[in-house]
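Written out below as structure tokens is the structure these notes cover.
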Amino acid sequence: MNNGKDARSYKAQKVIDRMGQKLSRQIVGSLTACVHCGMCTDSCHYVLANPGDPTYAPAYKADMIRKLFKHHYDWTGKYFPNWVKAGSVYTDQELEELKDTVFGKCTNCRRCTINCPMGVDLATFNRMARGLLCHVGIMPEGVEYVAKEQWEIGNQMGVLKEDFIGTIEWQEEELQEEMQDPTAKIPIDKMNADIVYTVNPREVKHDPRSILDAAKIFYMAGENYTMPSEGWDMTNFGLFNGDDDLGGAVAGRVYDNVRELKGKKLVMSECGHGYRSTRCEGPNWAKQDIEFEAESSVITMLRYIKEGKIKVDKTKNPGSFTFHDSCNNARSCGLTEEPRELLSLVVEDFREMYPNRAENYCCTGGGGAMSMSEYKARRLKSGKVKAEQLTATGAETVVTSCHNCVDGLTDIIGHYNVGMNVTQLVNLVANALVVDDRINENTTKYAAELATLG
Amino acid sequence: MSNLLHFSEHTLQEIALVFMATVYFLRIKWFLKWTLAKERQPATGMGDTNPKKGARYSLVMIMKPWTMESTRSKPFMYAQFVLFHLGVVAAIALSFIIPYGPGLLKSAALVSAIQFMTGAALLVGIMRIIRRVTNPYMRAISSPDDHFSLILLTSWFAFALMAASNDISGGEGIIQTFFLLTAFFLMYVPFSKISHYLYYPFTRTYMGRSFGRRGVFPLRKKPAYETV
């Protein structure tokens, strides 16, 4: 490492060089257009939870990246660096400081983006900066670990294929028992299915109930579906660590498996960043157009109810509910109305949270923050805004369509003693299913079969 | 009118305008050399949005302060923004009216309108200077260019206000200074943040296209499913 200003460390030089390769016109526009009007300041939950500390201001954080661009790629910064606050990085320590900003002070929630009069998309170039740092090995330990799991094992929680299949088989047995139908299946690698269903590894490892709930809904709808034994992870850490190669590899793996199984439609379970990565960003990262349909399971479940494929009884979900919009679903994918419509069909008492939809505040677990334990205290402090939002609804349960948000909200609810439950739409829909007739039918059918067998 | 004032109103302005246009041309050329990232993602969100609709919405959001929380929740700041930019329009117009259509300034109404707009912008400029210096968030994000650009524009408004009547009976100093400032302004702008309007159509369009494709723009305030 060299502390001199005319020489820079190997890593710092790499970051500068690679930046030139990662700049698109969209990013250059965002890096050039900021007028430092400060209108974005109050849109950030970190700012609101840390009054008086300007280092959390979106424009300030953006300038930590922007200064590099100005110094190395823009005229004014090259020739008049001090005049426009251009600057470079020279040491690994400076890269560590940049890491603290791009990983530890921003969840890439894009709330400042939609509040910028100029259309500056900080989240996009913050992600780029994360990618530059990851490329030289500077990242939070948790990010490195999870990315490695996704590269090497194929899913971000390191679930082995046999464990995945074992969990699905276990849930299949649960399904058979609950439905009183020994023939009920959770198909794996079935060819020519109408739906290929992909999930979040968190479901396999920590919340298999959501797989069972989805399976019950598919069963009741009579859906011809399958789960792939490979490429079932619809989450994508490439979104968080800024590595387009990882993003492309993970999304490509999902797409390839849908093609290999000759599936007609890809359905993704409730996960905000997974939905955004696989549905929206994945084709860009993988540099491939997807020829099959892809949709969120929220839309699938809603369609089942509208088409009469499943019947629900909202009285089965008593109590009051509010809905938390995942940033990636709402602000980056426009998935705001379908979850509300679905929720209103399965609960009686729905209370809107304010602000909501694309203006909702981050659960604080976005941008991979849940894997960055070194920033946990900072994250929980920034959760004050969300805790106040939740409390103001007076609801007993907060519903969200994102596994990451489930964890982020659970942390905040515990930290601020909000006293709420957290659940997902799939759980509520499964709970509201009108299944009695079907179970009675199954019981009668199999009792008769058993009687025939003597 | 002295030769110096005539030179400042005409030749100097023309040179400055050509200079600004040249730098802008180079600047746009530089900007366009960056590759436009291809968007491959299929449309998401409700079906009534698309990239074109999103881009149109994005471009005019600034004229609809209720669409952004940042402008909706700060009506005073938004009013300042409007007045400041109206002042810019009035001062630019004045810099063309005086040399090329001085007869228009015989209209007291027009002179009053220009004076109102530049006067209001001057006040806003002073408030913005104070805000930029005293607000810790603004201070932290400000560069010398931010301060200088604001001071330059505010001074320009002051001289535009005084020059609006185009009256040189008391001396040419005010109008002379207004035109010297205008020339400097024209040559400085392409290198400063004041040139943000050059990028505005691009950044807003790109954002709007992306958010339109994803069904984020136009932003929804009430359940679409209840109105479909």
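The values are calculated or read from the model by the stated rules, or taken from the named source; none is laboratory data. Only a predicted model underlies this, so the values are computations on that prediction, with no experimental measurement involved. In this analysis, Cβ positions are derived from the backbone assuming ideal geometry, glycine residues included, and neighbour counts consider all displayed protein chains. The protein model used for the area step is the full one, side chains on, heavy atoms only, and it has no ligands, DNA or RNA in it. Shrake-Rupley method; radii C 1.70, N 1.55, O 1.52, S 1.80 Å.
Please label the shape of segment A:230-306 as rounded, prolate or oblate, based on the square roots a ≥ b ≥ c of the eigenvalues of the alpha-carbon gyration tensor (a/c under 1.5 means rounded; beyond that, a/b larger than b/c means prolate, else oblate).
Numbers: a/c = 2.19, a/b = 1.43, b/c = 1.53.
The shape class here is oblate.
How high is the relative contact order of segment B:32-134? Use alpha-carbon pairs under 8 Å, at least six apart in sequence, and give a whole percent. Relative CO of segment B:32-134 lands at 24 percent.
With respect to chain A, whose longest principal axis is taken over its alpha-carbon atoms, helix A:92-104 is tilted by about 40°.
Debye sum, Cα scatterers, chain B, no solvent: what log₁₀ I/I(0) at q = 0.09, 0.10 1/Å? Computed log10 I(q)/I(0) values: -0.51, -0.61.
Net charge dipole, segment B:129-228: roughly 940 debye, given to the nearest 20, about the Cα centre with Cβ charges of +1 for Lys and Arg and -1 for Asp and Glu. Comparing each chain alone with all protein chains together (probe 1.4 Å, DNA, RNA and ligands left out), the residues of segment B:134-154 losing at least 10 Å² of accessible area are B:Pro136, B:Tyr137, B:Met138, B:Ala140, B:Ile141, B:Ser142, B:Ser143, B:Pro144, B:Asp145, B:Asp146, B:Phe148.
In the full protein context, chain B carries 47 Å² of accessible surface per residue, based on a 1.4 Å probe and ignoring ligands, DNA and RNA.
Residues in segment A:5-100 average 39 Å² of solvent-accessible surface per residue, probe 1.4 Å, ligands and nucleic acids excluded. What GluC sites (Glu not before Pro) in segment A:230-304 are in a loop by DSSP, with at most 10 other Cβ atoms within 10 Å of the Cβ? The qualifying sites are A:Glu291. Taking label points 7 Å from Cα along the Cα-to-Cβ direction, A:Asn224 and B:Ser165 give a separation of 8.6 nm.
For chains B and A, what's the summed buried accessible area, probe 1.4 Å, to the nearest 100 square angstrom? If you can, show how the numbers build up before the last one.
Values: alone 13480 and 19210 Å², together 26940 Å².
So the buried area, both faces added, is about 5800 Å².
Report, as a whole number in µm² per second, the diffusion coefficient that Stokes-Einstein gives for segment A:104-201 at 4 °C and 1.567 mPa s using the Kirkwood radius over alpha carbon pairs.
In µm²/s, the coefficient rounds to 74.
What's the magnitude of the charge dipole for the protein assembly as shown around its Cα centre, counting Lys and Arg as +1 and Asp and Glu as -1 at the beta-carbon? Answer in Debye, nearest 20.
Working: 77 positive and 73 negative charges, 570 e Å.
Value, rounded to 20: 2740 debye.
Would you mind estimating how fast segment A:51-96 diffuses translationally, via Stokes-Einstein at 25 °C and 0.890 mPa s with the Kirkwood radius over Cα pairs, in µm²/s? Result for D is 219 µm²/s. By the rule of a C-alpha distance below 15 Å, with chain neighbours fewer than 8 residues away ignored, the aspartates and glutamates paired with A:Lys381 are A:Asp53, A:Asp411. Computed from the Cβ-Cβ distance with R0 of 22 Å, the FRET efficiency linking A:Glu162 to A:His206 stands at 0.75. With unit charges on the beta carbons (Lys and Arg positive, Asp and Glu negative) and the dipole taken about the Cα centre of segment A:190-288, which residue among A:Val254, A:Met234, A:Asn192 sits farthest to the positive side? In segment A:190-288, that residue is A:Asn192.
Run the helix sum for chain A: -39,500 (n - 2.57) per DSSP H stretch of 4+ residues, divided by residue count, reported at 222 nm to the nearest 500 deg cm²/dmol.
On the way: 24 runs with 242 residues, N = 454.
Result for chain A, helices only: -15500 deg cm²/dmol.
Got a sec? Charge dipole of chain B, +1 on Cβ for Lys and Arg, -1 for Asp and Glu; which of B:Trp156, B:Gln80, B:Val124 is way out at the positive end? Of the listed residues, the answer is B:Gln80. In the full protein context, segment A:288-332 carries 37 Å² of accessible surface per residue, based on a 1.4 Å probe and ignoring ligands, DNA and RNA.
Computed from the mean reciprocal separation of all distinct C-alpha pairs, what Kirkwood hydrodynamic radius does segment B:122-228 have, in Å?
Details: mean 1/r = 0.0575 Å⁻¹.
Over segment B:122-228, the inverse of the mean reciprocal pair distance is 17.4 Å.
In this Cβ point-charge picture (+1 for Lys and Arg, -1 for Asp and Glu), segment A:285-392 has a dipole of about 520 debye about its Cα centre. Annotation: amide H-H contacts under 5 Å for A:Met227 (H modelled 1.01 Å from N, sequence separation of 5 or more, or interchain): A:Ile188, A:Asp189, A:Lys190, A:Tyr197. With each label modelled as a point 7 angstrom along the Cα→C-beta vector, the B:Leu36-B:Phe7 pair spans 4.5 nm.
On the beta carbon distance between A:Glu177 and A:Ala448, with R0 = 30 Å, the FRET formula returns roughly 0.95. Report, in listed order, any pair from A:Lys11/A:Lys99; A:Lys78/B:Lys33; A:Lys67/A:Lys287; A:Lys61/A:Lys287; A:Lys376/B:Lys74; A:Lys85/B:Lys193 with a Cα-Cα distance greater than 20 Å. Those over the limit are A:Lys67/A:Lys287; A:Lys61/A:Lys287; A:Lys376/B:Lys74. Within the accessible surface of segment A:335-453, defined with a 1.4 Å probe on protein heavy atoms only, the carbon and sulfur portion equals 51 percent.
Two tests apply to each whole DSSP H helix in chain B, Cα reach of 20 Å or more along its axis and mean Kyte-Doolittle hydropathy of at least 1.0, and the ones passing both are B:11-32, B:75-100, B:108-134, B:144-163, B:173-188. Among the trypsin sites (Lys or Arg not before Pro) in segment B:125-222, those located in a DSSP loop and surrounded by at most 12 other Cβ atoms within 10 Å of their own Cβ are B:Lys221. Between A:Phe292 and B:Trp66, the modelled labels are 4.4 nm apart [label points 7 Å from Cα along Cα→Cβ].
I need to check one value: relative contact order of chain B, counting alpha carbon pairs closer than 8 Å and at least 6 residues apart, in percent.
Values: 223 pairs, mean separation 90.0, N = 228.
That works out to 39 percent.
Listed by chain and number, the aspartates and glutamates whose C-alpha is less than 18 Å from the C-alpha of B:Lys64, apart from same-chain residues fewer than 8 away, are A:Glu359.
Here the calculated FRET efficiency for A:Glu260 and A:Trp151, from their Cβ-Cβ distance with R0 = 22 Å, stands at 0.60, rounded to the nearest 0.05. Relative to the longest principal axis of the C-alpha atoms of chain A, give the angle of the C-alpha long axis of helix A:122-135, reported between 0 and 90° and rounded to the nearest 10°. The angle comes out near 80 degrees.
Nearest 10 degrees is fine. How inclined is helix A:384-393 to the longest principal axis of chain A, computing both from alpha carbons? Rounded to the nearest ten degrees, it is 40. In chain A, Cα pairs under 8 Å separated by at least six residues give a relative contact order of 15 percent.
Comparing A:Pro339, A:Val312, B:Ile15 along the charge dipole axis of the protein assembly as shown, the residue lying farthest to the positive side is B:Ile15, per the Cβ-charge model.
Using the Cα gyration tensor of segment B:88-128, with a ≥ b ≥ c the square roots of its eigenvalues, what is the shape: rounded (a/c below 1.5), prolate (a/b larger than b/c) or oblate (neither)? Numbers along the way, then the final one.
On the way: a/c = 4.35, a/b = 1.89, b/c = 2.30.
Verdict is oblate for segment B:88-128.
Shape summary of the protein assembly as shown, radius of gyration then Dmax from alpha carbon positions: 29.0, 120 Å. Treat segment A:339-454 as a sphere of radius equal to its Kirkwood radius over Cα pairs and apply Stokes-Einstein at 25 °C in a medium of 0.890 mPa s; give the translational diffusion coefficient in µm²/s, rounded to a whole number. For the chosen part, D equals 148 µm²/s. Put simply, the C-alpha atoms of segment A:388-454 give a gyration tensor, and the ellipsoid matching it has half-axes of 43, 11, 9 Å, longest first.
Taking the 1.4 Å solvent-accessible surface of segment B:153-206 as the whole, the part contributed by carbon and sulfur is 73%.
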